[in-house]
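Asker: The structure that follows is given in the form of structure tokens.
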Amino acid sequence: MRSSRQRSHRTLVLAAIAATTAVILSACASASSGAPAGKAATGPTTITIALPVDAPSQAPVYLASKLGYFQQEGIDAHIIVLSSDTAADSAMIAGSVQYTSVNAVALITAAEKGVPTQDICTEYDGPEYALAVSPATLASSHASSGMATGALLRALHGTKVGIVGTAVSAPGLILTGLLKEEGLPADWLSLVDITQSGLAAAYAHGEVGAVFDDQPVPDQVVDQGGGKVVFDTDQIGSLAQVPWEGILGMRSYVSGNARVDKAVCAAIAEADNYLLKDPATASNDLAHSFGAISPALIAQTIQSRKWAPGAGMTATAWTNAAKVLAGLGLVKQPSPAVLNGAFSTAYLPAGGSA
């Protein structure tokens, strides 16, 4: 159905491409600009991975780079951080980068719209989004962490909630999906697009009354600005088994570069397994990798995240994930053909799809 939402999505993508082109070209000066990554006779294959945030949720990519897992697989990985999921995805669609990291909602939504992308391995299962509410908003709304989700959302009517991206980004879709599930209109909350680096300041200065973001950002803004985390997605048990964040490429690139795909997935698998086996040491390795996020919050996030063993995923997991996400109103239920095209287990290390 060619709705105004679809047209606005295309407009958003084009705008994001235009807005990020200068940043991408500068960051990718030494990488391929749209052409498939090639391997010199005596050197590694150079690729660029665009990330939507600079945060512990991207620990597998950072560890794979820092600990040499990419290098041992013959990959010279350049990592750039853009402003949001939309910007990172747009860079990949434009051909400026080879891979990005994307969540299940964005992946299935893109697949349903006919965007030819493909997830090749998983970083972690289940989202870790949480809602931090400022002291002033807690006082005026009488919201509390002990409330049922529906009662909490009703209490927060009209609250300005800072998110990274728009209503069609992951946090926006999760919130609007929760509102829909509770029978509330999509505009019940006022979603405010703020860069991740600006969330804490906007919260502390009262520009927004709440922040909804991937952990540890909500804990971070509470540490700096007071208030309380009153909701997190762990309260929705069905989301825990969703292959949530994965490595994504354009299908045309993925299908033509199987060796590179397998190498990238092998490196991410090594990092995931390391995070599972020794989270304390992995936290130390990343203690100063994420700007203003304290080592304690980095360690807390790494300990709590459901890292995917061997970067693995299965067709069954994706089928179940689509049903869960559609049931929550986060995506439209895709056809089997559309869903199967959105991911591939062909590039996983041995045992990764078991």
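Asker: Give the residue, chosen from 254, 222, 208, 230, that is crowded, with 19+ Cβ neighbours inside 10 Å and in a loop (DSSP other than H, G, I, E, B).
Answerer: Exactly one residue qualifies, and that residue is 208.
Asker: Kindly establish whether residue 293 is within 18 Å of the chain's Cα centre (by Cα), in a loop (DSSP other than H, G, I, E, B) and at pLDDT below 95. Write out each step before concluding.
Answerer: Details: within 18 Å of the chain's Cα centre (by Cα): yes; in a loop (DSSP other than H, G, I, E, B): yes; at pLDDT below 95: yes.
In short, yes.
Asker: Any residue that is closer than 17 Å to residue 164 by Cα, at pLDDT below 90, surrounded by 22 or more Cβ atoms within 10 Å (Cβ to Cβ) and under 12 Å from the mean Cα position of the chain (by Cα) - is there at least one of those in region 44-52?
Answerer: Within region 44-52 (the criterion being closer than 17 Å to residue 164 by Cα, at pLDDT below 90, surrounded by 22 or more Cβ atoms within 10 Å (Cβ to Cβ) and under 12 Å from the mean Cα position of the chain (by Cα)), the answer is yes, since at least one residue qualifies.
Asker: Additional query: Report, by residue number, each residue of region 320-333 that is buried (at least 20 other Cβ atoms within 10 Å of the Cβ) and at pLDDT 90 or above.
Answerer: 321, 322, 325
Asker: For region 107-157, what are the residues that are touching a strand residue (DSSP E or B) at 6+ places or on another chain (Cβ under 9 Å) and part of a helix (DSSP H, G or I)?
Answerer: Correct list: 107, 110, 111, 135, 137, 138, 141, 149, 152, 153.
Asker: Restricted to region 269-290, and to residues that are among the hydrophobic types (A, V, I, L, M, F, W, C) and part of a helix (DSSP H, G or I), which residue is farthest from residue 71 (Cα to Cα)?
Answerer: 280
Asker: So in region 334-350, with the set limited to residues that are within 21 Å of residue 258 (Cα to Cα) and among the small types (Gly, Ala, Ser), which one is surrounded by the fewest Cβ atoms within 10 Å (Cβ to Cβ)?
Answerer: Here the answer is 350.
Matching residues to (1) within 22 Å of residue 305 (Cα to Cα); (2) within 13 Å of the chain's Cα centre (by Cα); (3) not assigned by TED's automatic domain parsing to the domain that holds residue 302:
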position	(1), (2), (3)
98	no, no, no
101	yes, yes, no
107	yes, yes, no
115	no, no, no
122	yes, yes, no
145	yes, no, yes
154	no, no, yes
160	no, no, yes
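The values are calculated or read from the model by the stated rules, or taken from the named source; none is laboratory data. The model shown is predicted, which means the values in this text are computed figures rather than measured ones. In this analysis, Cβ positions are derived from the backbone assuming ideal geometry, glycine residues included, and neighbour counts consider all displayed protein chains.
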